[in-house]
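Input: a single structure, listed below in structure tokens.
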Amino acid sequence: MLRFTALLVIASVVTACAQTGNTLKQDLTYAAWDKCQAEGRIPSQVQLTRVELDGRYWIQGATGSFGFGDTFKCMNEQFAKMAQGPPPGLSARPASAQAAAVVDRSSSIPAPQWRVGDEWAYGYDGPTGKGTYVWSVDREEAIDGVAHYVIKTGTREIFYRKPDIALTRETVDGSAVLIVTPSRLQYAWPLEIGKNWEQAFHEERPVARQTTERVDAVIVEAEETVTVPAGTFKTLRIVYRNKNTGAIRYEAWYAPELKQVVRLRERLASGLRTRELIAYKLR
């Protein structure tokens, strides 16, 4: 019997699970498929044949058979649900004993060490709409002789200076869209309650032909336990203000055990935008 293959590019909504060696997007696809099968929404003649690293999946069925539309509909529904949190049966990988240090007023949090393959998935909601994205540590690369982590999300790459996670630049399809001079200190390590710092930096956006001079005044205000779709975590709440006006630009809730922010609240000219961690996978 002749057979054919259909390809669907999934949305970048992800979850973490215990399947070793998979990317988050692969884990998502397998979880969505299992859920749809459990609900009886995938016809018996439709089979999952391959899942790519980026989450794209291939299905096949007998020529002339039906069920592809129903399968795609169910899978898309499952992906949308995962934006609200991991599906039943999946959980984020437990943090290491070293990473799970208690955050309290006596704690001093060192700079994290990311690994290639570390992934964090976020959902966002703001004035321009809702969506999801995935941050993956793709590689390390030197800029002017200094090692940087390269975070990849779609065709965008974000370069963070390795010793202190300072933001240096962003590119899209290999072309620079943001250059920060000096590299922006999002954190001043080690982090601890009450720590504060100031920094002046220059932002250049070559594609938009825009330049901006900023001065951040930052303080680690408090320890807070927050709940996001990915779970409940002990965090340090860091507040970033415009030094000239005192206005809050954004707030970040940094979770040492995940080596990353789990919630980000930005005050944009167009309104408030919030991002929350959906899931993660640490290597």
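Yes/no matrix, rows are residues, columns are (1) in the same structural domain as T155 (by TED's automatic domain parsing); (2) crowded, with 19+ Cβ neighbours inside 10 Å; (3) in contact (Cβ under 8 Å) with a residue 60 or more places away in the chain; (4) not aromatic (F, W, Y):
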residue	(1), (2), (3), (4)
D34	no, no, no, yes
Q37	no, no, no, yes
P43	no, no, no, yes
T49	no, no, no, yes
E52	no, no, no, yes
G55	no, yes, no, yes
W58	no, no, no, no
F68	no, no, yes, no
Q78	no, yes, no, yes
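Taking strands (runs of 3 or more DSSP E) that fall entirely within segment 138-203, which contain at least 3 residues that are closer than 25 Å to L53 by Cβ and not basic (K, R)?
Working: elements: 146-153, 156-161, 166-172, 175-184.
Hits in segment 138-203: 146-153, 156-161, 166-172.
Checked against (1) surrounded by 14 or more Cβ atoms within 10 Å (Cβ to Cβ); (2) of a type outside the set (S, T, Y); (3) over 24 Å from the mean Cα position of the chain (by Cα), E221 passes all but condition (3). For segment 122-132, check the following and say yes or no: at least one residue is more than 19 Å from L24 (Cα to Cα) and in a loop (DSSP other than H, G, I, E, B). So far as segment 122-132 goes, yes, one or more of its residues are more than 19 Å from L24 (Cα to Cα) and in a loop (DSSP other than H, G, I, E, B).
Where residues in segment 168-197 are among the aromatic types (F, W, Y) and in contact (Cβ under 8 Å) with a residue 24 or more places away in the chain, which of them is surrounded by the most Cβ atoms within 10 Å (Cβ to Cβ)? Only one residue fits best here, namely Y187.
Hey, does segment 230-237 have a residue that's β-branched (V, I, T) and not in a strand (DSSP E or B)? Give the steps one after another, and end with the answer.
Applying the first criterion (β-branched (V, I, T)) to segment 230-237 yields 232, 235.
Remaining after also requiring not in a strand (DSSP E or B): none.
No, segment 230-237 contains no residue that is β-branched (V, I, T) and not in a strand (DSSP E or B).
A single member of A97, A101, A92, A111 is closer than 25 Å to R161 by Cβ and at pLDDT below 90, and it is A101.
Can you go through A200, A230, A188, A142 and tell me which one is among the small types (G, A, S), modelled with pLDDT of 95 or more and under 22 Å from I109 (Cα atoms)?
On the way: A200 fails: under 22 Å from I109 (Cα atoms); A230 fails: modelled with pLDDT of 95 or more; A142 fails: under 22 Å from I109 (Cα atoms).
Residue meeting the stated conditions: A188.
Given the condition surrounded by fewer than 17 Cβ atoms within 10 Å (Cβ to Cβ), assigned to a strand (DSSP E or B) and at pLDDT below 95, answer yes or no: does some residue in segment 260-268 qualify? Yes: segment 260-268 contains one or more residues that are surrounded by fewer than 17 Cβ atoms within 10 Å (Cβ to Cβ), assigned to a strand (DSSP E or B) and at pLDDT below 95.
You will find that of S12, S44, the residue that is polar (S, T, N, Q), farther than 18 Å from R283 by Cβ and at pLDDT 80 or above is S44 and no other.
Of the residues that sit in segment 238-259 and are of a type in the set (V, I, T) and assigned to a strand (DSSP E or B), which one is farthest from the chain's Cα centre (by Cα)?
I248
Each residue in segment 175-190 was checked for being of a type outside the set (K, R) and closer than 20 Å to Q260 by Cβ, and 9 pass.
The values are calculated or read from the model by the stated rules, or taken from the named source; none is laboratory data. In this text the structure is predicted, and so the values were computed from the model without any measurement. Cβ atoms come from the backbone with ideal geometry, glycine included; neighbour counts cover every protein chain shown.
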